[in-house]
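Heads up: the structure comes next, in structure tokens.
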């Protein structure tokens, strides 16, 4: 019997299993109890290139929003530099840059996002996202 597998459900289930097994191992090792990850991860369907661009900037903006850094380039855990510096990575950088047009458009989109949302609560589901 060929049952079609919903890839979203499969991925969510795999992450749930991984989080659960990690929590069990951690709690056993440190003689602790309870969940380690308090907030469930959230997946958002990106239905347009606009939403994709917004979310890319939103994710890269998190270290700035949370005041860990003031510039995209200074956060070593971000994929931002992989695009700008053409660093080797597992990212499909060509796909992303083709969606945005050019590397310059990528950089400008991030600077626009930083300028418009650095002092606001930029939520991917907010009206601001729809207006951006």
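For the reader, a short list of remarks on this structure follows.
- Residue 28 being part of a helix (DSSP H, G or I) and either in the same structural domain as residue 100 (by TED's automatic domain parsing) or without any contact (Cβ under 8 Å) to a residue 12 or more places away in the chain (or both): yes
- Filtered residue count, the range 94-108, keeping only those that are within 11 Å of residue 49 (Cβ to Cβ) and assigned to a helix (DSSP H, G or I): 4
- The selection criterion, being without any contact (Cβ under 8 Å) to a residue 40 or more places away in the chain and under 30 Å from residue 13 (Cα atoms), holds for residue 47.
- Output for the range 46-60, where each listed residue is part of a helix (DSSP H, G or I) and surrounded by fewer than 20 Cβ atoms within 10 Å (Cβ to Cβ): 49, 50, 51, 52, 55, 58, 59
- Residues in the range 70-83 that are surrounded by 15 or more Cβ atoms within 10 Å (Cβ to Cβ) and without any contact (Cβ under 8 Å) to a residue 24 or more places away in the chain: 75, 78, 79, 81, 82, 83.
- Matching residues, the range 86-132, being modelled with pLDDT under 85, over 25 Å from residue 43 (Cβ atoms) and under 18 Å from the mean Cα position of the chain (by Cα): 118
- Residues considered: 67, 115. Of these, the only one that is free of Cβ contacts under 8 Å to residues at least 24 places away in the same chain and part of a loop (DSSP other than H, G, I, E, B) is 67.
The values are calculated or read from the model by the stated rules, or taken from the named source; none is laboratory data. Here the structure is a predicted model, which is why all the values come from computation and not from measurement. Don't worry about glycine lacking a Cβ; one is built from the backbone with ideal geometry, like all the others, and counts go over all protein chains shown.
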